[in-house]
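Input: a single structure, listed below in structure tokens.
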Amino acid sequence: MKLEILHELNAERAGRRPVILVTDTESGEQRLVKAKDFARDPLRTELEKQLRMGRSASVEAGGKKLFLNVYAPTAKLVIVGAVHISQALAPLARSLGYDVTVVDPRTAFASPERFPDIPLIAEWPDTALPPLNVDAYTAFVAVTHDPKIDDPALLHAFERNCFYIGALGSRKTHAKRGDRLRAQGAKESDIARIHAPIGLPIGAVSPSEIAVAIMAEITAALRLPPKEKEEAA
Amino acid sequence: MLDRDEDILKAAEDWQKAGRGVALATVVETWGSAPRPAGSSLVINDEGTFLGSVSGGCVEGAVVTEAMDVIQSGKPRMLEFGVADETAWNVGLSCGGTIRVFVEKVG
């Protein structure tokens, strides 16, 4: 691998921009393709498919054996609400490879004793969220049950096009939340993106079980192609 | 996903810039119950220090040895390890899978 390619690859990864390294495994020739350039690439179908699956693979194209090495950004999980569920959710998400941050302005909740080793921000969402660079590789959950905290957080998540947005609360609670968010200018399509009640329906009761249900739903959102995603929901 | 490949690639760049000979080994194909998916990588320097994994420990020793040659020659090579391959059996890929590993020099 040429040093220029390695340098560019590391820069793209640091900037959380997805890239695929295409290697001719016979000649050793390589090129780096940025996701924004996929559309005009001769391999676009393969590139798009592999990026969506987050999976590297060998393909044959134009009589060449090519290896597509996918470098998707590390997924992030932003948890708004330093509640009991979050205490189970944060370490579970981390074991699945997510960079986890917990946000809650209530210092009694957002304490290092309750969240050992997890980055914690004891600020309101308006202050805490912008520096986190929430992006399309971020899963976002709002679990405080307090509209003053959850609502502005959700509005931020809509703006940043998170790949998953979930919020705690029954259908009834969620209907009220929809009304409030609409009143604050949220689009119908944004509100429809919220997974609520949060998590796959697996009969979860304890905070740890709810954490499993949430992470299962986030995994499906990250990995399944759009059609299968609808069927799983 | 617990491994952070970016740290591995960062190390590759840092080692290279510090004047070390560096090779990168990447799993490019797997069959059967291979321990690490395609794209998993191992970076090796000319002191034999390595980071990452291509098999979870089964064949790393052999890959490091091959990587030393690649650092010397500059020519990439493809390695294959599997249960049908006696060499691979000797180095211990006993988990039932087959993997192909592409080894290339960095820089």
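The values are calculated or read from the model by the stated rules, or taken from the named source; none is laboratory data. Predicted model, so just to flag it, every value in this text is computed and none were measured. Counting neighbours? That spans all protein chains shown, and the Cβs are built from the backbone with ideal geometry, glycine included.
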Condition broken by B:LEU9, with the remaining ones in (1) more than 12 Å from the chain's Cα centre (by Cα); (2) within 10 Å of chain A (Cβ to nearest Cβ); (3) closer than 21 Å to B:GLY97 by Cβ satisfied: (3)
Only strands (runs of 3 or more DSSP E) wholly contained in the range B:1-77 count here; list those with 2 or more residues that are touching a residue at least 24 places away in the same chain (Cβ under 8 Å) and in contact with a Lys or Arg (Cβ under 6 Å, 6 or more places away or on another chain). B:22-31
Quick one: how many residues across the range A:131-151 are farther than 18 Å from A:ILE191 by Cα and either without any contact (Cβ under 8 Å) to a residue 24 or more places away in the chain or among the aromatic types (Phe, Trp, Tyr) (or both)? 2
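One line per residue, one yes/no per condition, for (1) buried (at least 20 other Cβ atoms within 10 Å of the Cβ); (2) touching a helix residue (DSSP H, G or I) at 6+ places or on another chain (Cβ under 6 Å); (3) more than 23 Å from A:GLY15 (Cα to Cα):
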position: A:LEU129; (1), (2), (3): yes, yes, no
position: A:THR138; (1), (2), (3): yes, no, no
position: A:ASP150; (1), (2), (3): yes, no, yes
position: A:LYS187; (1), (2), (3): no, no, yes
position: A:ASP190; (1), (2), (3): no, yes, yes
Go through the range A:13-45 and count every residue that is facing another protein chain (nearest Cβ under 10 Å) and in a helix (DSSP H, G or I). 2
Candidate set: the range B:20-38, residues that are among the small types (Gly, Ala, Ser) and more than 9 Å from chain A (Cβ to nearest Cβ); chosen: the one surrounded by the fewest Cβ atoms within 10 Å (Cβ to Cβ): B:SER33
When the residues of the range A:160-184 are narrowed to those that are of a type in the set (D, E, K, R) and at pLDDT below 95, which ends up nearest to A:ALA128 (Cα to Cα)? A:ARG160
Filtering the range A:46-76 down to residues that are of a type in the set (D, E, K, R) and within 10 Å of chain B (Cβ to nearest Cβ), which residue is nearest to the chain's Cα centre (by Cα)? A:ARG55
Sole miss for A:GLN87 among (1) among the polar types (S, T, N, Q); (2) in a helix (DSSP H, G or I); (3) touching a Gly at 6+ places or on another chain (Cβ under 7 Å) is condition (3)
Touching a Ser or Thr at 6+ places or on another chain (Cβ under 9 Å), surrounded by fewer than 17 Cβ atoms within 10 Å (Cβ to Cβ) and modelled with pLDDT under 90 - does that describe any residue in the range A:50-61? no
Within the range A:98-108, is even one residue surrounded by fewer than 12 Cβ atoms within 10 Å (Cβ to Cβ) and over 25 Å from A:GLY54 (Cβ atoms)? yes
Among the residues in the range A:39-48, are any touching a helix residue (DSSP H, G or I) at 6+ places or on another chain (Cβ under 7 Å) and surrounded by fewer than 16 Cβ atoms within 10 Å (Cβ to Cβ)? yes
Scope the range A:90-125; condition among the charged types (D, E, K, R) and part of a loop (DSSP other than H, G, I, E, B); matching residues: A:ASP104, A:ARG106, A:GLU113, A:ARG114, A:ASP117, A:GLU123
